[in-house]
Amino acid sequence: MSFAPKNFTVWAEIPVTDLDRAMTFYATVFDIDLTETTDGPNPMAMFPSAEDGAGGHLYPGKPAARGDGPTVHFAVPDSLEAALGRVTEAGGTVLSDPISIPAGRFAYCQDPDGNSIGLFSA
């Protein structure tokens, strides 16, 4: 087996029960502008990425039971501690202290719908 694409993860979809609330949460935590679009089968809020980066979006859907779904890790725009503070301020939950790995540090969190997310700082 030799399949090794440039980006193994090509897309991430995060189901949310309230798209406007989720857009506010993710915009606040990551200091980003999400683009809302209705050109697909459902309304979506697109995450920004560089031209060759992996993409993703929020969409109205049914989140997995709290803590039972996959974890998507996102880069933070500043310090990990500052981003963790914004998680709580924006209505999410911080689940772990920062964890050091060779590539940097990350922490586990949940968004207001209970979706598992990781915050990563290189």
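The values are calculated or read from the model by the stated rules, or taken from the named source; none is laboratory data. None of these values were measured; they are calculated from a predicted model. Don't worry about glycine lacking a Cβ; one is built from the backbone with ideal geometry, like all the others, and counts go over all protein chains shown. For the accessible areas, the whole protein counts, side chains as well, though only heavy atoms, and no ligand, DNA or RNA atoms are used. Shrake-Rupley method; radii C 1.70, N 1.55, O 1.52, S 1.80 Å.
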(message) If the requirement is being of a type in the set (Asp, Glu) and touching an Asp or Glu at 6+ places or on another chain (Cβ under 8 Å), which of these qualifies: Asp39, Asp31, Asp20?
(response) Asp31
(request) Residues that are open to solvent by less than 90 Å² (accessible area, probe 1.4 Å): find the strands (runs of 3 or more DSSP E) completely inside the range 1-112 holding 3 or more of those. (result) 11-16, 44-46, 55-60, 72-75, 104-110
(request) Return a yes/no flag: does the range 111-122 have any residue that is more than 28 Å from Pro43 (Cα to Cα), in contact with a strand residue (DSSP E or B) (Cβ under 6 Å, 6 or more places away or on another chain), of a type in the set (A, V, I, L, M) and modelled with pLDDT under 95. (result) yes
(message) Restricting to the range 86-97, name every residue that is free of Cβ contacts under 8 Å to residues at least 24 places away in the same chain and closer than 14 Å to Ala27 by Cα.
(response) Thr88
